[in-house]
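A.B. asks: My questions will all concern the structure given below.
The values are calculated or read from the model by the stated rules, or taken from the named source; none is laboratory data. Values in this document were obtained by computation on a predicted structure and should not be read as measured data. Methodologically, a virtual Cβ is constructed for each residue, glycine included, from the backbone with ideal geometry; neighbour enumeration extends over all protein chains shown.
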Amino acid sequence: MYDLIIIGSGPAGLSAAVYAKRAGLNTLIIEKNPVSGGQIIDTYEVDNYLGIPGVNGFDLAMKFREHADKQGAEFADGTVTSVERIREGSDTETPIFKVTTENGEYESKTVLLATGASHRKLGVPGEEELTGRGVSYCATCDGAFYRGKVAAVNGGGDVAVEDAIFLARGCEKVYLIHRRDQLRATKILQDELFELPNVEVIWDSVVTSVEGDDKVATINIENVKTGEKTVLESSALFVAVGIHPLTDSFTALVQTDENGYVIAGEDGATSTPGIFVAGDSRKKRLRQIVTAVADGANSVTAVQDFLVGKK
């Protein structure tokens with residue numbers, strides 16, 4: 001019987017593990033990937049984490065894992081297939097949850113969902129190979145690397161337009177590639193975008209491939225109406241076609257929004273007593289390493305309160 005089971009070993013899960021072990025909680029972290037760290041293990045360079053600018057993403061992930069190991073955190077491999085409440089909570093007892101994986105079952109008084117989210121990808125040649133070397137899914141994370149250079153954004157919603165506006169402040173030129181002839185972003189964002197002299201919108205077009213030796217050099221696009229093919233010279237491609245929270249296995253357990261993000265405040269407490277959430281799978285404004293780490297700390301504080309009856 002554990003006090004806390006953490007599902008996921010990205011920055012949120014590992015932060016929670018450190019805080020939980022320091023609080024003396026009997027804690028298990030279940031991870032489905034062979035290496036801890038979540039999305040940051042595929043990030044070539046992280047330049048906005050306080051105190052260690054320019055750190056390699058994989059190296060930062062290993063530091064997070066080493067910290068959790070040093071605290072004596074217990075890890076188990078497996079993909080969680082279900083979480084069930086097998087005992088209701090009461091004024092004198094906490095609930096009990098059964099967490100099932102393909103490798104076994106575990107019981108705990110509380111569960112923290114730290115499963116994160118995955119960026120939707122284009123699925124075109126070169127995208128996977130050049131991820132972290134010009135292909136990025138976060139303009140606020142990586143945009144500073146392309147100051148004075150040419151960058152491109154693929155997408156037409158609020159995030160894509162916000163990314164283009166953000167990049168235009170430092171880049172020489174920004175292309176916004178959109179498969180339709182009008183944007184889906186809110187009008188106020190569109191108005192701001194169209195006023196920028198260094199942004200060019202390429203309508204009715206899709207990215208067909210990304211090319212470069214060890215970093216992005218060119219982006220191949222095709223007009224979906226005319227079939228015309230164009231090669232753009234660009235140092236970066238920022239993909240902004242959506243994010244999918246990895247919460248499909250838990251939507252019947254906790255309240256989520258229309259996009260699948262778990263609804264919870266900064267304490268991470270969900271609609272189900274005893275179930276908490278931290279990191280990119282939580283509904284919030286900013287999804288960054290620093291906010292994931294903060295979520296992990298906040299959620300464990302709430303777990304402690306829950307376990308001693310401060311619900």
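A.B. asks: When only residues in the stretch 183-196 that are in a loop (DSSP other than H, G, I, E, B) and touching a helix residue (DSSP H, G or I) at 6+ places or on another chain (Cβ under 9 Å) count, which is surrounded by the most Cβ atoms within 10 Å (Cβ to Cβ)?
C.D. replies: Only one residue fits best here, namely Ala185.
A.B. asks: Condition (residue is more than 22 Å from the chain's Cα centre (by Cα), outside the structural domain of Val174 (by TED's automatic domain parsing) and farther than 16 Å from Leu122 by Cβ) applied to the stretch 203-215: is it met by at least one residue?
C.D. replies: No, the stretch 203-215 has no match at all.
A.B. asks: Scanning the stretch 19-61 for residues that are closer than 17 Å to Thr131 by Cα and among the β-branched types (Val, Ile, Thr), which turns out surrounded by the most Cβ atoms within 10 Å (Cβ to Cβ)?
C.D. replies: Among residues in the stretch 19-61 that are closer than 17 Å to Thr131 by Cα and among the β-branched types (Val, Ile, Thr), the one surrounded by the most Cβ atoms within 10 Å (Cβ to Cβ) is Thr43.
A.B. asks: Hey, another quick one. In the stretch 229-285, what count of residues is obtained for those that are buried (at least 23 other Cβ atoms within 10 Å of the Cβ) and acidic (Asp, Glu)?
C.D. replies: 1
A.B. asks: Name the residue, out of Arg133, Arg65, Arg85, that is basic (Lys, Arg) and over 26 Å from Asn298 (Cα atoms).
C.D. replies: Arg133
A.B. asks: Which one is nearest to Leu130 (Cα to Cα), of the residues in the stretch 63-88 that are of a type in the set (A, V, I, L, M) and surrounded by fewer than 16 Cβ atoms within 10 Å (Cβ to Cβ)?
C.D. replies: Result: Ala76.
A.B. asks: Give all pairs with beta carbons closer than 9 Å in which a residue from the stretch 66-80 that is without any contact (Cβ under 8 Å) to a residue 12 or more places away in the chain meets a residue that is of a type in the set (Phe, Trp, Tyr) and surrounded by 15 or more Cβ atoms within 10 Å (Cβ to Cβ); count only pairs at least 6 apart in sequence or on separate chains.
C.D. replies: Note: pairs meeting the criteria are Asp69/Phe75.
A.B. asks: Scan the stretch 184-207 and give yes if some residue there is more than 17 Å from Ala240 (Cβ to Cβ), touching a residue at least 24 places away in the same chain (Cβ under 8 Å) and among the β-branched types (Val, Ile, Thr), otherwise no.
C.D. replies: no
A.B. asks: Please list, ordered by residue number, the strands (runs of 3 or more DSSP E) wholly in the stretch 1-119 having 1 or more residues that are more than 18 Å from the chain's Cα centre (by Cα) and either at pLDDT 95 or above or under 25 Å from Gln304 (Cβ atoms) (or both).
C.D. replies: 2-7, 27-31, 74-77, 80-87, 96-101, 104-113
A.B. asks: Additional query: What strands (runs of 3 or more DSSP E) lie completely within the stretch 202-311 and have 1 or more residues being modelled with pLDDT of 95 or more and charged (D, E, K, R)?
C.D. replies: Counting at least 1 such residues, we get 205-211, 218-223, 229-233.
A.B. asks: If you check Ser82 against the conditions, is it touching a strand residue (DSSP E or B) at 6+ places or on another chain (Cβ under 6 Å), under 22 Å from Gly268 (Cβ atoms) and of a type in the set (S, T, N, Q)?
C.D. replies: For Ser82, the condition - touching a strand residue (DSSP E or B) at 6+ places or on another chain (Cβ under 6 Å), under 22 Å from Gly268 (Cβ atoms) and of a type in the set (S, T, N, Q) - is met.
A.B. asks: Can you pull out the residues in the stretch 257-285 that are within 16 Å of the chain's Cα centre (by Cα) and not small (Gly, Ala, Ser)?
C.D. replies: Across the stretch 257-285, the qualifying residues are Asn259, Tyr261, Val262, Ile263, Val277, Asp280, Arg282, Lys283, Lys284, Arg285.
A.B. asks: Which residues, taken from the stretch 146-177, are touching an Asp or Glu at 6+ places or on another chain (Cβ under 7 Å) and either free of Cβ contacts under 8 Å to residues at least 24 places away in the same chain or part of a helix (DSSP H, G or I) (or both)?
C.D. replies: Residue satisfying the conditions is Ile165 alone.
A.B. asks: A further question follows. Tally the residues that are of a type outside the set (A, V, I, L, M) and more than 16 Å from Gly8 (Cβ to Cβ), restricting the search to the stretch 71-101.
C.D. replies: Residues in the stretch 71-101 being of a type outside the set (A, V, I, L, M) and more than 16 Å from Gly8 (Cβ to Cβ): 14 in total.
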